[in-house]
Amino acid sequence: MAESSAARHGVPAAHAAKSAPSSPIQRLPLRGLFRIGHAPDIWYKAAVSAVVTIGTVLVTLLALGRLDLAVYCLAGAFCALYGHGLPYPARARTILGLAVGMIAGAGVAMATSALTHSIAVRVAVASVLAAVQKVACDASHIGPPGNIVPTFLTAALSFAPQQLADIPFHLGLACLGATLGWLVCMAPAVVRPHGPERIASARALEAAARLALAGQDPPARTRHEATAMLDAAWRTLARMSNRRSSAARIRHQLEHALLQAEAMPTDGPAPRRLTSWARKLRQNRPLPDELPSAATSSGQPHPTPHIRPAWRALLGALKPGSPLLPVGLRTLVGCAVGGWLSMAIGVGRPYWAVVTAASLFQANAALSWHRAVNRVLGTFLGVLLFTALIPVVEMGHPAMVAAALVCLLGMEATIARSYWLGTTFITPLALIVAQLAKVQPARELAIDRWEDTCIGAVIGVLCCLLITNRRATHRVHSAIAKVAEATTEALRLLETDTTRRGCAPPDHRTATHHELGRARHRLVGALMDLRQAADAAGGEWWQPHLSRRHVADAEYEGHLTLAALARHRIHLSRPTPTESVVATTDAGSTADLPVMVTGHPRQTATPTEERQVSAAADLPSSGLQPPH
């Protein structure tokens, strides 16, 4: 019985037997340290934006003979790396807020450099800025490359020679760079105004099709990818502007496509149909006629997830018990100790130790350990690459600019595939930017970089081991409770819905449609938080025991309920208010189609499970129970 229960919840029996260790201490993993993954589908967008923005800055300064001002312009221009997955209205606001934060950090760093010559004070200020940037980027979900770019720029400016009278001029250069980066990131809106929404929806449809084709026992990675992609697509549509009728029509069609993907049949032509839809979305072709527009359907808008404003997310990250507080503390202590140790040893540029330590800290100790090993290897290879490029760099400023742009392109092409591979290009890029001021000989610069990286990596790993997140397990238990609460509320709505009898007026159907949509997004948000909390707790090396069975049970019940919500919402979105719950589709009756359960090893709900959800009155008070 124990073995079948473990297998039913996607936990191998041998692993389940080890789920109750006698000691809370876990070993740091070695598997997959240097794995190379697949490149994201739109990696080239950030690469092209960065090359165009930074290339324009460097070529302009080269023509003016003022490459020594490059670091100030780049303090704003690097915002071109961010926001490429967001709809353009949200992208405009996000990049603007990021640019303000980067320029404010640069101003504090320059003021520190102008007001004090104490290396210890400069390290302290750079460490505080690094911790603030880490918490802010993680809380706002700004996306790659995260806090690394702002931390590198502010740390470098903390040690750059500066005069108070020059700070306004240098901040103006940063503003010009940020303006250029903002314009470059927004330029594609002229050609494809709804490109990000199409790409996000295409990803979700492709992930749902892959899950449907994976069979009755798909890999856990495939199940989680489908859930995450669907949630990301809904959140992208929630940020979409509806001021124009064309935008409202496209949004309604995309929402209907996502709703169909949630109730995905596992046989027949349905997976191929989703793949065909995704292909048309990526190619910017007209959407399929089988997806109803607002003019041809009942016109009921689909509820979307609530997106918290960035300032609320930042305030929430500072509350007691926030999971980001231990990460911020690790960043502060690790950067400060690493920088001060580098200063004590006598390395020429202690701020590189600060940057290295700041780049290591992830959601848990295991991920930070992986990042540290990758950082050291990538820096070593990057120093070798920079050494090979020294003859090119010494040819003059034009060659230096060309080498920097090539390294920037290589960084964007590889950083998402493997961190050590991306760091191989980040290192020579950082050294070339530092070399623009001609502060040190190139070989001495490379040696300092290697020494500071090793110091920062060692201190960073030690901080992860010494500053543990002991509340991670408590966060998992809280997330399980929230999933159970959201599941119970969704089942209550399904049980009390009078539209099942086919006699409800259209206005009541619209209200019910909205309630079920909001219940769906609450449940999905709770499930995503649970998975994130469980992954974070599983990577901490010292934690109280956490039962994986409880997590699997909560995810099973939640995703089974999501399938029932998806079927009923499809029924409510149809134009005829008197049709029965089992609505007729082009392929037949929805009662004959198995429904995707994205969070469970089995991909489809059995007839017994469907009766458990559709007849909510027959369920026990504790909610759904996995069948034995």
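Meeting the requirement of 3 or more residues that are β-branched (Val, Ile, Thr) and on the phi < 0 side of the Ramachandran plot, the helices (runs of 4 or more DSSP H) wholly within the range 39-128 are 43-64, 88-115. Any chance the range 472-485 includes a residue that's modelled with pLDDT of 75 or more and more than 30 Å from the chain's Cα centre (by Cα)? Checked against the condition, which is being modelled with pLDDT of 75 or more and more than 30 Å from the chain's Cα centre (by Cα), the range 472-485 yields no hits at all. When the range 353-380 is filtered for residues that are modelled with pLDDT of 85 or more and among the aromatic types (Phe, Trp, Tyr), only PHE380 remains.
Can you confirm whether VAL383 is modelled with pLDDT of 85 or more and within 27 Å of the chain's Cα centre (by Cα)? No, not satisfied. Of the residues THR304, THR266, THR296, THR275, the single one that is at pLDDT below 75, open to solvent by 20 Å² or more (accessible area, probe 1.4 Å) and closer than 26 Å to PRO40 by Cβ is THR304.
Only one residue in ALA131, ALA155, ALA126 is over 30 Å from ILE42 (Cα atoms), open to solvent by less than 20 Å² (accessible area, probe 1.4 Å) and touching a residue at least 40 places away in the same chain (Cβ under 8 Å). Which one? Being over 30 Å from ILE42 (Cα atoms), open to solvent by less than 20 Å² (accessible area, probe 1.4 Å) and touching a residue at least 40 places away in the same chain (Cβ under 8 Å) holds for just one of ALA131, ALA155, ALA126, which is ALA126. When residues in the range 400-417 are screened for being surrounded by fewer than 19 Cβ atoms within 10 Å (Cβ to Cβ) and at pLDDT below 90, 3 of them pass. Within the range 158-184, the set of residues being of a type in the set (S, T, N, Q), open to solvent by less than 70 Å² (accessible area, probe 1.4 Å) and either under 22 Å from LEU332 (Cβ atoms) or part of a helix (DSSP H, G or I) (or both) comprises just one member, SER158. Taking the range 373-391 as the range and being open to solvent by 50 Å² or more (accessible area, probe 1.4 Å) and over 14 Å from ALA446 (Cβ atoms) as the test, only LEU377 passes.
The values are calculated or read from the model by the stated rules, or taken from the named source; none is laboratory data. Since the model is a prediction, treat every value here as computed from it, not as a measurement. Ideal geometry is used to build each Cβ from the backbone, glycine not excepted, and the neighbour counts take in all protein chains shown. Surface areas here come from the heavy atoms of the whole protein model, side chains and all, with no ligands, DNA or RNA. Shrake-Rupley method; radii C 1.70, N 1.55, O 1.52, S 1.80 Å.
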